[in-house]
Amino acid sequence: MIDYSYTELEAEVINAFETPYYHGQSTLTLEGNYFYAENDEEPDMFMHHLNVIVYEAKHDILTDRMKVDFIQYAKRWDNGEFQPELLPDDIPIIQKDIDYVRSTLKL
């Protein structure tokens, strides 16, 4: 089971995208910087990707790569793949974020 909350990642994403040092960098570069140091095991990857996807959707900078990742992760979420390993309180928050991105992408 994951020992940290999905909501804790939001500050990391904001820092990665809004730090003045990275001002003027492309969204793809910022994604690369963020994911470079990311854990490559599930459901960590899912939680990190979803946080980035939500940030990008809210700021209207969602890349094609993140759109594709979202569609794949949303299908896996719908199949119940990640829920057993997540903190129970995170599940409705994650569902709300998935629903938000789906509505943004009109899926």
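The values are calculated or read from the model by the stated rules, or taken from the named source; none is laboratory data. Being a predicted model, the structure only gives us computed values, none of them experimental. Note: ideal-geometry Cβ built from the backbone for every residue, glycine included; neighbour counts use all protein chains shown. For accessibility, only protein heavy atoms count, side chains too; no ligands or nucleic acids. Shrake-Rupley method; radii C 1.70, N 1.55, O 1.52, S 1.80 Å.
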*Test Glu8 against the stated conditions and say whether it is surrounded by 13 or more Cβ atoms within 10 Å (Cβ to Cβ), in a helix (DSSP H, G or I), among the acidic types (Asp, Glu) and out of contact with any strand residue (DSSP E or B) (no Cβ under 9 Å at 6 or more places or on another chain).*
no
*Among the residues of segment 8-38, count how many are within 13 Å of His49 (Cα to Cα) and among the acidic types (Asp, Glu).*
4
_Residue tally, condition open to solvent by less than 60 Å² (accessible area, probe 1.4 Å) and either in a helix (DSSP H, G or I) or hydroxyl-bearing (Ser, Thr, Tyr) (or both), over segment 61-78_ = 7
*Does Glu56 satisfy being of a type in the set (D, E, K, R) and open to solvent by less than 30 Å² (accessible area, probe 1.4 Å)?*
yes
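In segment 79-90, is there at least one residue being among the aliphatic types (A, V, I, L, M), modelled with pLDDT of 85 or more and not in a loop (DSSP other than H, G, I, E, B)? Even if it seems obvious, please write down each step before you answer.
The initial filter retains those residues of segment 79-90 that are among the aliphatic types (A, V, I, L, M), namely 86-87.
With the extra rule that they be modelled with pLDDT of 85 or more, the set shrinks to 86-87.
From the residues that got through so far, the ones that are not in a loop (DSSP other than H, G, I, E, B) too are none.
No, segment 79-90 has no match at all.
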*Could you tell me whether segment 21-44 includes any residue that is open to solvent by less than 30 Å² (accessible area, probe 1.4 Å), closer than 15 Å to Asp90 by Cα and at pLDDT 90 or above?*
no
*Output the qualifying pairs, or none if there are none: Cβ atoms under 8 angstrom, residues six or more apart or on different chains, first residue in segment 67-81 and without any contact (Cβ under 8 Å) to a residue 40 or more places away in the chain, second residue part of a helix (DSSP H, G or I) and among the basic types (Lys, Arg).*
Ala74/Arg102
